[in-house]
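Presented below is the structure to which this report refers.
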Amino acid sequence: MQISNYWFAVVNPHSSNGSTLKRWPHYLKRLREEGYTIDFIYTSGPGDAIHITQKALKEGFARIISVGGDGTMNEVVNGFFSNNQLINPQAELAVFSHGTGCDFIRTLQIPKGIEGFIGILKQGRKRKIDVGEVLFHDNYGQQIHRYFLNVADVGLGGETVARVNQQSKLLGGKLSFLIGSVVSILRYSNKVMSCEIDGKLICNGRLNSIMVTNGRYIGGGMMIAPHAELDDGLFDIVFLGDFSPWTILRHIPKIYRGTHLSIPGVSVLRGRSVAITSAERILLDIDGEQPGRGPIQLKVIPRILHLWG
């Protein structure tokens, strides 16, 4: 049975440094006041949102709300799939971003907060967007298969996210990521990486980072890929060269503004598939979470997901 006129919310109570648990009852009340029929479940730990979403879709819910940070959104998106296929190709996702970075909604230009989210629902703004698919390895060497909406970042970003997610985010998204980025930049050693795009070897040398982007923002507001589009069927792949820590720190303001692409050593290419390997340990960041390491294979699935916003 299709329950298409109902919404099912997957709520991470620990997001936004735990404030979501306190605020969700108010948000739920506002949504119901506006006439939306909402069912919901709180997640209880890592990976839980995947299984909750899969169960809801298999029970007939066709409209899902992700309530939490970009990591919660990533798990919910993965819950749209089972056996490498969408459970319901007509199912729709709405993102109520209530986390630390809130990077994905910046590309959508969705304002933070419940009133901004209600505004999106009232406008009925929907479109089909691309989804990234990635194969990587966990810390035990097992190959893992995941999907993502925003950015897969190899190198410095993986180190930064691992550090930020282990610390309190009481200072808020932008400041937490900025502090984590500065500490990571000072401690990070650039890696020798090989990268192929659409089967062609693009580079094999020492780099700071390779960012495979569907959305435009990372790290709590850094506009790393200012020309990326969510529905063009292509990744924007951003390369940061063999920069010293002080060079990276000097250019952080440009990265926030999206004016860093003219810096010598920064380059952007586009493609449908990417393969990244290294003899060194390279950490992967997917949508603000650090789930594993290289070698890494990525491909874009064009215009497959119905998204509100």
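Bear in mind these aren't lab numbers, they're just calculated from the coordinates by the rules spelled out. This one's a predicted model, so the numbers in the text were calculated from it and none came from an experiment. Cβ placement follows ideal geometry from the backbone for every residue including glycine, while neighbour counts extend to all protein chains displayed.
In percent, rounded to a whole number, the relative contact order of the chain is 21, using alpha-carbon pairs under 8 Å and six or more apart. Evaluating kT/(6 pi eta Rh) at 20 °C and 1.002 mPa s, with the Kirkwood radius of the chain over Cα pairs in the Stokes-Einstein relation, gives 110 µm² s⁻¹. As a calculated quantity, the FRET efficiency between VAL183 and SER262 at R0 = 41 Å, using C-beta atoms, amounts to about 0.95.
Karplus-derived 3J(HN,Hα) values for segment 193-210, using 6.51 cos²θ - 1.76 cosθ + 1.60 with θ = phi - 60°, are 10, 10, 9, 10, 10, 6, x, 10, 5, 9, 7, 8, x, 7, 9, 7, 7, 10 Hz; glycine and proline are entered as x. Amide H contacts of ASP242 (H built 1.01 Å from N, in plane; Pro and chain starts excluded): ASN208 sit under 5 Å, all sequence-distant by 5 or more or on other chains.
Using only Cα positions of segment 131-303, each an equal point scatterer, no hydration layer, compute I(q)/I(0) via Debye at q = 0.18 Å⁻¹ and quote the log10 values to two decimals. At q = 0.18 Å⁻¹ the computed log10 ratios are -1.17.
Measuring against 23 Å, Cα to Cα, the residue pairs LYS22/LYS126; LYS29/LYS122; LYS200/LYS299; LYS29/LYS112; LYS22/LYS122 contain LYS22/LYS126; LYS22/LYS122 as the ones spanning a longer distance. With 0.36 nm allotted per residue and the present C-alpha distance subtracted, the TYR6-LEU135 stretch has 43.1 nm of extension available. Each of GLU75, GLU229 was scored by other Cβ atoms within 10 Å of its Cβ. Listed from fewest to most, they are GLU229, GLU75.
Under the simplified labelling scheme, the ARG125-ASN88 pair shows an inter-label distance of 2.4 nm, with each label point 7 Å from Cα along Cα→Cβ. Given segment 221-269, what whole percent of its Cα pairs are spread farther than 12 Å? That fraction is 64 percent. Between GLN143 and ASP198, the FRET efficiency from the beta-carbon distance, with R0 = 35 Å, is close to 0.95. Gyration tensor analysis over the Cα atoms of segment 7-99 returns equivalent ellipsoid semi-axes of 21, 16, 9 Å (largest first, whole Å).
Using the Cβ-Cβ distance between SER244 and SER273 with R0 set to 45 Å, the FRET efficiency from 1/(1 + (r/R0)^6) comes to roughly 0.90.
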